[in-house]
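Values in this text are rule-based calculations from the coordinates and carry no lab data. This structure is a prediction, so every number in the text was calculated from the model and none was measured. With ideal geometry, Cβ positions are generated from the backbone for all residues, glycine too; neighbour counts draw on all protein chains shown.
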C-alpha cells in the first residue's frame with residue numbers, strides 16, 4: 001500500500017464484510033484489543049449488519065495500565081519489551097480472546113505518530129497480534145521504512161486493513177500472510 005494510493009473506504013468495508021460473513025459461516029466469535037488503531041477495527045466490524053452474531057467485544061487499550069490490568073499483559077513484557085512489541089501484541093490478542101470467550105483475538109499496538117517521548121522507535125512501527133484456537137502469532141509492519149511522510153491516519157487505516165485481511169487469512173488457511 002502506498003500513500004499516493006490511499007486505501008479506499010469501499011475496500012476496507014468489503015474486507016470487514018467478508019470477515020463477518022466468514023466468521024458467521026464458520027460460527028466463530030471474535031474480539032479485539034486495540035491501541036494504535038483506537039477502536040477502528042471494532043468499528044469496521046460492527047458497521048456490518050449481523051456483526052452482533054460474531055463480535056464479542058472490543059477493548060481500546062491505549063494505556064499500559066489497561067494493557068496490564070484488563071488484558072493481563074505481563075508487567076515484565078511491558079517493562080522489558082515495551083508496549084510496542086510482538087510480545088505485547090501477542091499477549092493482548094491471546095488475553096482478549098480469553099476474556100471474551102471468543103475463538104479469535106486481534107490486537108494492534110504501535111507508533112502511529114507523532115514521535116513518542118522516550119522511544120527511539122520510528123513512527124510507523126506496528127505490531128498486530130492474532131490468536132485463534134491453536135496458535136498466537138504476530139505481524140510486524142513498518143510504514144516508516146516503506147514510505148516517506150505517511151500520516152497518522154494512513155498508518156491507522158492501513159493497520160486496520162492489514163489486521164482484517166490477516167485475520168481472514170488465518171481463518172481461511174491457518175497461515176498469516
_R0 of 22 Å, Cβ-Cβ distance residue 18-residue 135: FRET efficiency to nearest 0.05_ = 0.50
*Order by neighbour count: 159, 134, 77, 108, fewest other Cβ atoms within 10 Å first, most last.*
134, 77, 159, 108
*Equivalent-ellipsoid semi-axes (√(5λ), Cα gyration tensor) for the range 67-112, whole Å, largest first?*
18, 12, 7
_Two-decimal log10 I(q)/I(0) for the chain, as the Debye equation yields it once each C-alpha is a single scatterer, q = 0.09, 0.13 Å⁻¹_ = -0.27, -0.58
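Length gain on complete extension for the stretch residue 81 to residue 98, per 0.36 nm per residue less the alpha carbon to alpha carbon distance? Provide the component values of the computation, followed by the final result.
On the way: separation 17, 0.36 × 17 = 6.12 nm, distance 2.23 nm.
Stretched out fully, the residue 81 to residue 98 stretch lengthens by 3.9 nm.
What is the gain in length, in nm to one decimal, between residue 69 and residue 43 on full extension, counting 0.36 nm per residue of separation less the C-alpha to C-alpha distance? Before the final figure, lay out each step's value.
Numbers: separation 26, 0.36 × 26 = 9.36 nm, distance 2.34 nm.
Stretched fully, the residue 69-residue 43 segment lengthens by 7.0 nm.
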*Using the alpha carbon gyration tensor of the range 91-140, what are the three equivalent-ellipsoid semi-axes (square root of 5 times each eigenvalue), largest first, in whole Å?*
26, 10, 7
